[in-house]
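Report on the structure given below.
The values are calculated or read from the model by the stated rules, or taken from the named source; none is laboratory data. All values derive from a computational prediction rather than experimental measurement. As a convention, Cβ positions derive from the backbone with ideal geometry for all residues, glycine included, and neighbour counts pool all protein chains shown.
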Amino acid sequence: MNMLNILLIGQFAPGNLELIYFNAFRQLKKENIFLYDIRSDSKIMHTHSSLKRIIQNRFTYNLLSRLVFNGVNNFLEQKKNFYDVVIIFKGMEFSLDNLSTLKEKQQKAIWININPDNPFNTESIASTNQNVIDSIKFFDIYCIWSKRLVEKLSENDAKKVIYLPFAFDSTYHHPPTKHVQIIKDQVIFVGAWDKEREDVLNSLSNFNLLVFGNGWDRISKNSLKQKRIFPYNIYLDDLSEAVYSSAVSLNILRRQNKDSHNMRTFEIPAMNGLMLTTRTEEQNLFFPEGEACLMYDDIIELKEKIFQIINNPAEAKKIRQNGFKAAKNHTYINRAEELISVIRKLI
């Protein structure tokens, strides 16, 4: 069986799904994996502070997209008909016409989209745009993390939709490498700020709360008083130690994830943290409620579950251990292998 030449196109920054999948494909050692980092085409715009502040301006975004398209187009022209598979992550920078032009350079390739957001969530300028929506019908395979979105993508002329859940990267998400003591009353949330999350956490004023994530310097003046708020992300050992040492690790799903799951769904249990998450059927399939995680519907239940964990350390330990065991089969290497299996059937 000949090895496939697979090209990944996206922004390969640390922590981005693009880089996670690139590393997962390479670790499989079954195919030839290449990447094209579109950040190189927009380097000036991303590093110049004044342009960075207005990157969402329509004119500058169109200019950015043109730079990216030209870079990818020239690259594929030099590698004409070399790739068997081209994977684009979300693809906000590429119009349908752009994609059709790119396909002329790689006519034999299977074109795949891996979208970590909701392509129909037009309320969020970071999640989607018209390019993403118009291009749904272009891709031979469209990979999406939400079961609900599978049907909607099919209704919008997607050729073949694959349910590809999130997972965890074992390089980054694992139990602490050194001994860490669990703080029996500590509640942690690690994630970006939004107003709904702030309101949820603000209701937990009586708990020993620790918060990390981008944007938490934007909280209201009277919110989260006397709490430990750190407006930046933490990674690697700092993240695993913080999650493991906390009695409760909160996973507050955002609106677009509320009937599904998110990346933290797998990352918290993989770091051997005890996850207390917004209740969804999808998460319950991965981590059965009451056995491998705990869930809540509203603030009253959220507080009850936190007290339950703090006051029942033996039960909490068992749930934590079950979650860790359940997470083991949900690595991005597993997801990459699943995708290659589908691709092989189409080659």
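Residue count for segment 262-278 satisfying the condition of being part of a helix (DSSP H, G or I) and among the hydrophobic types (A, V, I, L, M, F, W, C): 3.
Kindly list the number of the only condition in (1) assigned by TED's automatic domain parsing to the domain that holds E338; (2) modelled with pLDDT under 95 that fails for N115. N115 satisfies every listed condition except (2). Does any residue of segment 286-309 turn out to be at pLDDT 95 or above, among the aliphatic types (A, V, I, L, M), more than 18 Å from A192 (Cα to Cα) and surrounded by fewer than 16 Cβ atoms within 10 Å (Cβ to Cβ)? So far as segment 286-309 goes, yes, one or more of its residues are at pLDDT 95 or above, among the aliphatic types (A, V, I, L, M), more than 18 Å from A192 (Cα to Cα) and surrounded by fewer than 16 Cβ atoms within 10 Å (Cβ to Cβ).
Filter segment 317-336 down to the residues that are part of a helix (DSSP H, G or I) and within 18 Å of I144 (Cβ to Cβ) and list them by number. Across segment 317-336, the qualifying residues are Y332, N334, R335, A336. Residues in segment 146-199 that are farther than 16 Å from R254 by Cβ and polar (S, T, N, Q): S154, N156, S170, T171, T177, Q181, Q186. Return the residues of segment 123-141 that are under 17 Å from E93 (Cβ atoms) and either out of contact with any Asp or Glu (no Cβ under 8 Å at 6 or more places or on another chain) or at pLDDT below 95 (or both); say none if nothing qualifies. Listed by number, the residues that qualify are S124, I125, A126, S127, N129, Q130, V132, I133, D134, S135, F138, F139.
The residue that is farthest from the chain's Cα centre (by Cα), counting only those in segment 209-228 that are crowded, with 18+ Cβ neighbours inside 10 Å and part of a strand (DSSP E or B), is L209. Scanning segment 253-270 for residues that are crowded, with 22+ Cβ neighbours inside 10 Å and closer than 22 Å to G215 by Cβ yields N257, H261, N262, R264, T265, E267, I268.
For segment 152-177, the tally of residues that are surrounded by fewer than 22 Cβ atoms within 10 Å (Cβ to Cβ), out of contact with any Asp or Glu (no Cβ under 7 Å at 6 or more places or on another chain), at pLDDT 95 or above and more than 30 Å from L302 (Cβ to Cβ) stands at 6.
Mind checking whether some residue in segment 306-325 is under 21 Å from N118 (Cβ atoms) and of a type outside the set (F, W, Y)?
The first filter runs over segment 306-325 and keeps only residues under 21 Å from N118 (Cβ atoms), leaving none.
Checked segment 306-325: no residue is under 21 Å from N118 (Cβ atoms) and of a type outside the set (F, W, Y).
Taking the conditions exactly as written (closer than 25 Å to F166 by Cβ and modelled with pLDDT of 95 or more), does F25 satisfy them or not? Yes; evaluated as a whole, the condition is true for this residue. One residue stands out among those in segment 124-180 that are among the β-branched types (V, I, T) and in a helix (DSSP H, G or I): the one that is nearest to Q107 (Cα to Cα), which is I136.
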